[in-house]
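Asks: The structure under discussion is supplied below as structure tokens; questions concerning it will follow.
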Amino acid sequence: MVHSINVNGTTHRVDVDDDTPLLWVLRDNLGLTGTKFGCGVAQCGACTVYMDGQPLRSCSLPVSAVGDARITTIEALAGKEAEAVQAAWVKHDVPQCGYCQSGQVMSAIALLKEIRKPTDRDIDLAMTGNLCRCTTYVRIRAAIHDAARTLEG
Amino acid sequence: MPGRAGAAAAAALLLGAASALAQSAPAPQPGADLRPASSFAGIADQRDRSVALFNEIGKVLLHPRCVNCHPATERPRQGDARRLHQPMVVRGKDGHGAPGLACATCHGKQNFDPAGIPGDGHWALAPAAMAWEGRTLGQICEQLKDLNRNGSRDLAAIVRHVTADTLVLWGWNPGKGREPAPGTNAQFGELMQAWVDSGAACPAV
């Protein structure tokens with residue numbers, strides 16, 4: 001069936017089965033490979049995108065459920081929170097293998113949009129669904145605090 | 001490169017094994033049916049009948065489909081084995097999770113069996129005042145009737161809630177790999193109504 005979905009501000013028509021996870025439409029049909037496949041069961045966070053501005057595990061939502069929602073992927077991130085997180089990620093040399101980092105960055109920005117100055121606990125609660133097998137968690141937390149300070153001005 | 005299904009299954013196995021280590025709650029009793037409300041009509045004493053009805057209702061209330069999201073702590077449980085929810089999530093201020101990791105991050109408006117993720121239009125944890133986990137059926141009964149702990153619902157509203165709220169109804173349509181709540185929602189509603197009509201008496205606390 002043909003589905004019409006809005007991704008990064010552009011409407012795309014894709015002909016896939018109704019229960020195709022959004023992740024595979026993004027990667028295989030639209031070529032947006034910044035969003036990663038990690039587990040396929042919403043346990044690792046590598047596939048995080050935004051749906052109407054809120055974090056979403058794209059491996060666990062069928063394309064038929066997207067409807068009129070606006071999907072945003074890592075390729076289209078913009079704005080002061082994104083810039084602050086990107087700079088902090090570089091400064092703290094956060095990524096190691098890098099595979100999970102797309103999802104980590106998406107979740108970090110979403111947190112900073114909701115809580116301007118997150119505590120360690122705020123960070124832990126927001127980021128606990130994003131696994132990193134290189135265990136870069138300490139640098140992730142430090143970078144989020146750094147990005148928050150940047151946003152404070 | 002392994003197939004998507006194979007990779008997902010392998011990941012699920014690994015994560016499932018890790019989750020099992022965190023298990024601390026007893027396993028549920030599998031798949032009971034519900035007695036029809038009419039079968040209690042032979043109990044002559046009204047209070048005894050009311051208590052007997054609530055004991056039957058308890059088969060649903062104490063089932064993992066209900067208790068998992070009425071936790072005693074800020075953390076829900078999941079699955080028929082009532083493991084602590086993975087990933088680690090919390091109730092949050094409004095029952096919809098912590099900022100940055102809301103329930104809707106993973107739970108859509110419907111079950112999505114390919115990923116094993118249950119869903120509903122307002123997936124959420126019950127408020128802390130409505131915690132059932134670890135409580136006796138008598139305690140839960142008193143809690144259900146307490147306007148300060150039941151969302152300010154009178155008994156009629158309680159019956160409406162358990163027969164119309166989509167998240168309650170989800171208990172009988174929980175998706176692949178999860179045992180439905182006992183009986184049917186219609187049977188459950190009839191039991192609740194009969195309990196109310198018989199005076200809404202509670203088992204001993």
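Asks: Taking A:Gly53, is it more than 19 Å from A:Ala143 (Cβ to Cβ) and not hydroxyl-bearing (Ser, Thr, Tyr)?
Replies: Yes: the conditions hold for A:Gly53.
Asks: One residue is enough: does region A:92-106 have a residue meeting the conditions farther than 30 Å from A:Met1 by Cα and within 12 Å of chain B (Cβ to nearest Cβ)?
Replies: Yes, some residue in region A:92-106 is farther than 30 Å from A:Met1 by Cα and within 12 Å of chain B (Cβ to nearest Cβ).
Asks: When only residues in region B:119-142 that are crowded, with 19+ Cβ neighbours inside 10 Å and farther than 26 Å from B:Trp195 by Cα count, which is nearest to the other protein chains (Cβ to nearest Cβ)?
Replies: B:Gly119
Asks: So, in region A:77-108, how many residues would count as being more than 15 Å from A:Lys36 (Cβ to Cβ) and either touching a strand residue (DSSP E or B) at 6+ places or on another chain (Cβ under 6 Å) or in a helix (DSSP H, G or I) (or both)?
Replies: Number of matching residues: 13.
Asks: Filter region A:53-68 down to the residues that are outside any loop (DSSP other than H, G, I, E, B) and within 7 Å of chain B (Cβ to nearest Cβ), then identify the one that is surrounded by the fewest Cβ atoms within 10 Å (Cβ to Cβ).
Replies: A:Gln54
Asks: State whether one or more residues within region A:24-33 are outside any loop (DSSP other than H, G, I, E, B), in contact with a Lys or Arg (Cβ under 8 Å, 6 or more places away or on another chain) and closer than 22 Å to B:Asp113 by Cα.
Replies: Yes, that holds for at least one residue.
Asks: Does A:Cys134 meet the test of being out of contact with any strand residue (DSSP E or B) (no Cβ under 9 Å at 6 or more places or on another chain), among the hydrophobic types (A, V, I, L, M, F, W, C), within 13 Å of chain B (Cβ to nearest Cβ) and not in a helix (DSSP H, G or I)?
Replies: No; evaluated as a whole, the condition is false for this residue.
Asks: Mind listing just one residue for me: the one in region A:125-153 that is surrounded by fewer than 16 Cβ atoms within 10 Å (Cβ to Cβ) and among the charged types (D, E, K, R) and, of those, nearest to A:Val90 (Cα to Cα)?
Replies: Here the answer is A:Arg149.
Asks: Being assigned to a helix (DSSP H, G or I), closer than 22 Å to A:Tyr50 by Cβ and within 13 Å of chain B (Cβ to nearest Cβ): is that true of A:Ala143 here?
Replies: No.
Asks: Please enumerate the residues belonging to region A:2-49 that are touching a residue at least 60 places away in the same chain (Cβ under 8 Å) and surrounded by fewer than 22 Cβ atoms within 10 Å (Cβ to Cβ).
Replies: A:His3, A:Asn6, A:Asn8, A:Gly9, A:Gly34, A:Lys36, listed by residue number.
Asks: Among (1) loosely packed, with under 15 Cβ neighbours inside 10 Å; (2) more than 28 Å from B:Asn111 (Cα to Cα); (3) under 16 Å from the mean Cα position of the chain (by Cα), which single condition is A:Ala87 missing?
Replies: Result: A:Ala87 fails condition (3) only.
Asks: Sticking with this structure for a sec: Given the conditions (1) of a type outside the set (A, V, I, L, M, F, W, C); (2) more than 19 Å from A:Asn130 (Cα to Cα); (3) within 13 Å of chain B (Cβ to nearest Cβ); (4) part of a strand (DSSP E or B), which single one is not true for A:Tyr50?
Replies: If we test A:Tyr50 against (1) of a type outside the set (A, V, I, L, M, F, W, C); (2) more than 19 Å from A:Asn130 (Cα to Cα); (3) within 13 Å of chain B (Cβ to nearest Cβ); (4) part of a strand (DSSP E or B), just (2) comes out false.
Asks: Please indicate, with yes or no, whether at least one residue in region B:124-139 is outside any helix (DSSP H, G or I), within 18 Å of A:Met51 (Cβ to Cβ) and in contact with a strand residue (DSSP E or B) (Cβ under 9 Å, 6 or more places away or on another chain).
Replies: Taking region B:124-139 and keeping what is outside any helix (DSSP H, G or I), we get B:124-127, B:131-136.
Then keep just the ones that are within 18 Å of A:Met51 (Cβ to Cβ); that gives B:124.
Keeping just the survivors that are in contact with a strand residue (DSSP E or B) (Cβ under 9 Å, 6 or more places away or on another chain) gives B:124.
Yes: one or more hits.
Asks: Next up: Quick one: in region A:109-125, which of the residues that are facing chain B (nearest Cβ under 8 Å) and assigned to a helix (DSSP H, G or I) is nearest to A:Leu56 (Cα to Cα)?
Replies: Checking each candidate, the answer is A:Ala110.
Asks: From (1) out of contact with any Pro (no Cβ under 6 Å at 6 or more places or on another chain); (2) outside any strand (DSSP E or B), pick out the condition that doesn't hold for A:Ile71.
Replies: If we test A:Ile71 against (1) out of contact with any Pro (no Cβ under 6 Å at 6 or more places or on another chain); (2) outside any strand (DSSP E or B), just (2) comes out false.
Asks: If I filter region B:83-118 down to residues being more than 7 Å from chain A (Cβ to nearest Cβ) and in contact (Cβ under 8 Å) with a residue 40 or more places away in the chain, which single residue comes out as surrounded by the fewest Cβ atoms within 10 Å (Cβ to Cβ)?
Replies: The qualifying residue surrounded by the fewest Cβ atoms within 10 Å (Cβ to Cβ) is B:Asp113.
Asks: What are the residues in region B:48-82 that are assigned to a loop (DSSP other than H, G, I, E, B), polar (S, T, N, Q) and buried (at least 20 other Cβ atoms within 10 Å of the Cβ), if any? Walk me through how you get there before you give the answer.
Replies: Applying the first criterion (assigned to a loop (DSSP other than H, G, I, E, B)) to region B:48-82 yields B:62-63, B:68-76, B:79-82.
Now narrow it down to the ones that are polar (S, T, N, Q): B:68, B:73.
Residue satisfying the conditions is B:Asn68 alone.
Asks: Report, by residue number, each residue of region B:146-168 that is in contact (Cβ under 8 Å) with a residue 12 or more places away in the chain, surrounded by fewer than 16 Cβ atoms within 10 Å (Cβ to Cβ) and not in a loop (DSSP other than H, G, I, E, B).
Replies: B:Ala156, B:Thr166, B:Leu167
Rule-based calculations on the coordinates, nothing more; no lab input. Because the structure is a prediction, the values reported are computed rather than measured. Every residue, glycine among them, receives a Cβ derived from its backbone with ideal geometry; neighbour counts consider all protein chains shown.
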